[in-house]
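First comes the structure, then the notes that go with it.
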Amino acid sequence: MSSEMKSTVTSEVRTDTKLTVTPKAILEIKRLLQAEQANSQSILRVMVVGGGCSGMSYKLEFESKPPAEKDLLFEQDGVKVVVDPKALLFIAGTELDFSDGLSGTGFLFKNPNAKKTCGCGTSFSA
């Protein structure tokens, strides 16, 4: 199975925007879905919200409602991720990873659009 993430706007395949989810992050997302006994239709929404010491923060949330018509739906190795078009402006080309090392556990965003990030890595400016 290919690890490349497919993106669609409704039924249209997009190749100009990409959000990559690493295999380690996929395993953690699947583990969380199973632990929460989430609906098999649950989708991970990746959001950008105002806040944090650098101006914008990432937010992840599971939802079971279908994506809005303008949302971009990515699917990789059975994990569905949705991003609204405004958030994608800030996170296009980003890699979502997961770390469970000694320095901390959690999801990590490797965002090429971030001009500045905070020390803890949870907020950025673009």
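The values are calculated or read from the model by the stated rules, or taken from the named source; none is laboratory data. Quantities reported herein were computed from a predicted structural model and do not represent experimental measurements. Quick reminder, even Gly has a Cβ in these numbers, built from the backbone with ideal geometry, and neighbours come from all protein chains shown.
Counting the residues of segment 83-108 that are surrounded by 13 or more Cβ atoms within 10 Å (Cβ to Cβ) and in a helix (DSSP H, G or I) gives 5.
Report yes if some residue within segment 17-34 is surrounded by fewer than 11 Cβ atoms within 10 Å (Cβ to Cβ) and modelled with pLDDT under 80; otherwise report no. No, every residue in segment 17-34 fails to be surrounded by fewer than 11 Cβ atoms within 10 Å (Cβ to Cβ) and modelled with pLDDT under 80. Looking only at residues that are touching an Asp or Glu at 6+ places or on another chain (Cβ under 9 Å) and of a type in the set (Phe, Trp, Tyr) in segment 94-126, which one is modelled with the highest pLDDT? Selected residue: Phe98. Residues in segment 60-70 include at least one that is among the hydroxyl-bearing types (Ser, Thr, Tyr) and either surrounded by fewer than 12 Cβ atoms within 10 Å (Cβ to Cβ) or free of Cβ contacts under 8 Å to residues at least 12 places away in the same chain (or both).
Assess whether Ala25 counts as being touching a Phe, Trp or Tyr at 6+ places or on another chain (Cβ under 9 Å) and not in a strand (DSSP E or B). When the stated conditions are applied, Ala25 passes them.
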